[in-house]
Amino acid sequence: MNQVIETILDHRSIRKFEDTALTEEQIKTIVQSAQAASTSSFVQAYSIIGVKDKQKKARLAELAGGQSHVAENGHFFIFCADLHRLQFISEKENQDFNVVLESTEKFMVAVIDATLAAQNAVIAAESMGLGAVYIGGLRNELSEVCELLKTPDLVLPIFGVAVGYPVHKPGQKQRLPLEHVYHEEEYEQNKDVYLAQLEQYDQDITEYYNKRTNGQRKDTWTGQMSGMMSQKARLYMKEFVESKGFNKR
């Protein structure tokens, strides 16, 4: 096992950071690492907005549901699906890209490109001794987030990444069994096998929470998923995404 794989396998979400700003060199390295990620057909359909201003980060923390680590970190990166520059290119090249830019396919390309870039950024940050956590809560109030960041049409903030020096290193949550995630040749549809894997995973997660909280919490993973999926959240998203010029076709 090499150092890169060790860094990847040691990942955990960090939600408490030291009050130390990242240096310009660190920020540049993280962004360059993000840019080195694979991109569909060289489109590079994403942008990254870095936020240093404390008042702006505090407002983003409110919009994300009161998550203090959005305000208190070394640097806050916001990854955006971005087809705006392609719209600009259509004007530059005297072409009409509207049908293509409004397609579900190009929306997927932009979201995937941004996500690949973000994962590279996180791995780079962690390799530098920093910690990070993804913030999907920005999608709670996307209209206000877009207004705050002054994003034009065809630019959609999809999540943030808070980065900084960890105050402490929390325990690592065990992932689903490899056999439950990795299928060979075809998708495994044996219900008994599927349920047995989930039951074992529930036991593992319960043990993790039990140890972490000294017996105060004994959640199962399937119980967590049941509670989350029973809540209707962000149902405005389809309409809002379309209002920004994406996913209309």
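The values are calculated or read from the model by the stated rules, or taken from the named source; none is laboratory data. Note that the structure is predicted; figures quoted are calculated from it, not measured. Using ideal geometry, Cβ is built from the backbone for each residue, glycine included, and neighbour counts are taken over all protein chains shown.
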Test V163 against the stated conditions and say whether it is touching a Gly at 6+ places or on another chain (Cβ under 6 Å), assigned by TED's automatic domain parsing to the domain that holds L130, surrounded by 13 or more Cβ atoms within 10 Å (Cβ to Cβ) and among the β-branched types (V, I, T).
yes
Meets criteria (loosely packed, with under 13 Cβ neighbours inside 10 Å, in the same structural domain as A58 (by TED's automatic domain parsing), farther than 27 Å from F97 by Cβ and at pLDDT 90 or above) for L195:
no
Mind counting the residues in region 51-61 that are farther than 18 Å from A121 by Cβ and part of a loop (DSSP other than H, G, I, E, B)?
1
Looking only at region 166-184, decide whether some residue is under 26 Å from the mean Cα position of the chain (by Cα), within 30 Å of A21 (Cα to Cα) and small (G, A, S).
yes
Regarding E147, is this residue free of Cβ contacts under 8 Å to residues at least 24 places away in the same chain and part of a helix (DSSP H, G or I)?
yes
Is region 181-190 home to any residue that is of a type in the set (A, V, I, L, M), surrounded by fewer than 19 Cβ atoms within 10 Å (Cβ to Cβ), out of contact with any Ser or Thr (no Cβ under 6 Å at 6 or more places or on another chain) and not in a loop (DSSP other than H, G, I, E, B)?
yes
Just for region 19-50: of the residues that are touching a Gly at 6+ places or on another chain (Cβ under 8 Å) and part of a loop (DSSP other than H, G, I, E, B), which one is farthest from I158 (Cα to Cα)?
T20
Does region 83-99 hold any residues that are in contact with a Leu (Cβ under 7 Å, 6 or more places away or on another chain) and touching a residue at least 40 places away in the same chain (Cβ under 8 Å), and which are they?
L83, H84, L86, Q87
Being out of contact with any Lys or Arg (no Cβ under 9 Å at 6 or more places or on another chain) and either surrounded by 17 or more Cβ atoms within 10 Å (Cβ to Cβ) or not polar (S, T, N, Q) (or both) is the requirement here; does I8 meet it?
yes
Before we move on, is V133 part of a strand (DSSP E or B), crowded, with 19+ Cβ neighbours inside 10 Å, in contact (Cβ under 8 Å) with a residue 12 or more places away in the chain and touching a helix residue (DSSP H, G or I) at 6+ places or on another chain (Cβ under 9 Å)?
yes
Within region 81-109, how many residues turn out to be over 27 Å from G160 (Cβ atoms), in a helix (DSSP H, G or I) and of a type outside the set (A, V, I, L, M)?
4
